[in-house]
1. Through the Karplus equation 6.51 cos²θ - 1.76 cosθ + 1.60, θ set to phi - 60°, convert the phi angles of the range 128-136 into ³J(HN,Hα) values in whole Hz; use x for Gly and Pro.
2. May I ask for the distance between the Cα centers of the range 131-150 and the range 6-68, given as a whole number of Å?
3. What does the accessible area per residue of the range 4-262 come to in Å², with a 1.4 Å probe and no ligands, DNA or RNA counted?
4. How high is the FRET efficiency between R116 and E181 when r is their beta carbon distance and R₀ equals 30 Å, given to the nearest 0.05?
5. Per-residue HN-Hα couplings for the range 269-274, Karplus 6.51 cos²θ - 1.76 cosθ + 1.60 at θ = phi - 60°, whole Hz, x for Gly and Pro?
6. Ordered by packing density, taken as the mean number of other Cβ atoms within 10 Å over each peptide's residues, highest first, how do 241-247, 15-21, 223-229 rank?
7. Just V23, V157, V140 to compare: in a GNM of the chain, with alpha carbon springs under 10 Å, which one fluctuates most?
8. So which chymotrypsin sites (Phe, Trp or Tyr not before Pro) in the range 168-275 end up in coil per DSSP with only 16 or fewer other C-beta atoms within 10 Å?
Amino acid sequence: MPATLEFNDGNAIPALGFGLYKVPLEATEDVVAAGLDAGYRLIDGAEFYGNERELGAALAQASSAGTDRDELTVTSKFWGDPEQTPAAARAAFKASEAALGTHIDVYMIHWPRPARQRFVDVWRELIALQGEGRVRSIGVSNFTEAHLQRLMDETGVVPAINQVESHPWLPQHKLRAFHAEHGIVTQAWSPLGRARVLEDPTVQRIAADHGVSPAQAIIRWHLHLGGALIPKSTHPHRLRENLDVDGFSLSDDEMARIAGLETGERTGTHPDDRQ
Ligand code: A2P
C-alpha cells in the first residue's frame, strides 16, 4: 500500500498514483486494470485526456470484481477551453462524473490561463461544488505562487493540492516550499520528465548503485522530497516497477547529486503561457 499524504481539508491521498495523460483510448481499460492490480489506489484523469469513459468502465469492472471504490482516489480536472467560466466548470464537472459513472474524489482547475482573469471565479465554483458535497477535495494544477496567492487572498480557501510539472531538471524547490508553508500538497506530473530524465548518467549511476531502475530512483527522489507523483506507463511491468520503491532510500549525497541536475527545462507549457 503506498504511503499517504494529508490534505489541508482532512482528507488524504496516496503519494504515488498513476496518470492517464497520453494513454490511448483503446489501452485505457487495460492500463487501469493493470494499475489497480499492481496496487495503485490513485488514478489521475482529466476531461482533456479524453479517456474518462474508458476509465469509468475499468472502475466499474474493478468494483464488480471486488475492489472497494472507497479505497480509491479518482481525480479529474476542468480544462477551461473554449470557456473558463464558473458555469463551464460546473458543466464539465457533471460531464466528467457522467463519463466516469462514479463520483470524483479530487477536482482541479487544469490550467490557470491567467490572461483570461477568470480562475478566481472558477475557484469559487469548485468551492461551491465541495460545499454541496459533490466532491471531497478541490485543488489546482499548473498554478504558480502568484496564482495561488490570488486564490487565497480573494477567497480565503487554500487549494488542497497543486499538480505541477516536476522532475530532476525542474525540481520546483521554491514552489514546494510555498506549498509546505500553506499546507498544499505538491503532486508532480511528468515526474520522469516524459522518460527523458531516465537517460541522465547521474540518475543511471545512482540507480545502478542501488540495483534499481532509473525510474525507481527518480520516484524515490520525489518521495524523499515529500511530494506526490503520478508517473504514466502503458506497460503493466513498468506500472509494477514504479510502485516497487520501498526497498531502498537515497542518501543526502545522492539527493544533492540529483539536485545538481536542475536546469529549469520543461517538457510542457509554462503556466503563464497557456492562454
Ligand atoms: P510507456 O508508457 O511506454 O511505459 P512521465 O510520467 O514523466 O510523463 O513519463 C512517462 C514516460 O515514461 C512514458 O513514455 C513511459 O513509457 C515512460 N516510463 C514510465 N515508467 C517507466 C519505467 N519504469 N521505465 C522506462 N520508461 C518508463
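1. For the range 128-136, the Karplus-derived couplings read 5, 4, 5, x, 7, x, 7, 9, 6 Hz, x marking Gly and Pro.
2. The range 131-150 and the range 6-68 have Cα centres spaced 21 Å from each other.
3. 40 Å²
4. About 0.65, to the nearest 0.05.
5. 6, 6, x, 7, 9, 8
6. Final packing ranking: 15-21, 223-229, 241-247.
7. V157
8. Here the sparse-neighbourhood loop sites are F248.
The values are calculated or read from the model by the stated rules, or taken from the named source; none is laboratory data. Bear in mind that the values here come from a model prediction, so they are computed numbers and not experimental data. Every residue, glycine as well, gets a Cβ built from its backbone with ideal geometry; the counts of neighbours run over all protein chains shown. Accessible surface is based on the protein model in full, side chains and every heavy atom, while ligands, DNA and RNA are left aside. Shrake-Rupley method; radii C 1.70, N 1.55, O 1.52, S 1.80 Å.
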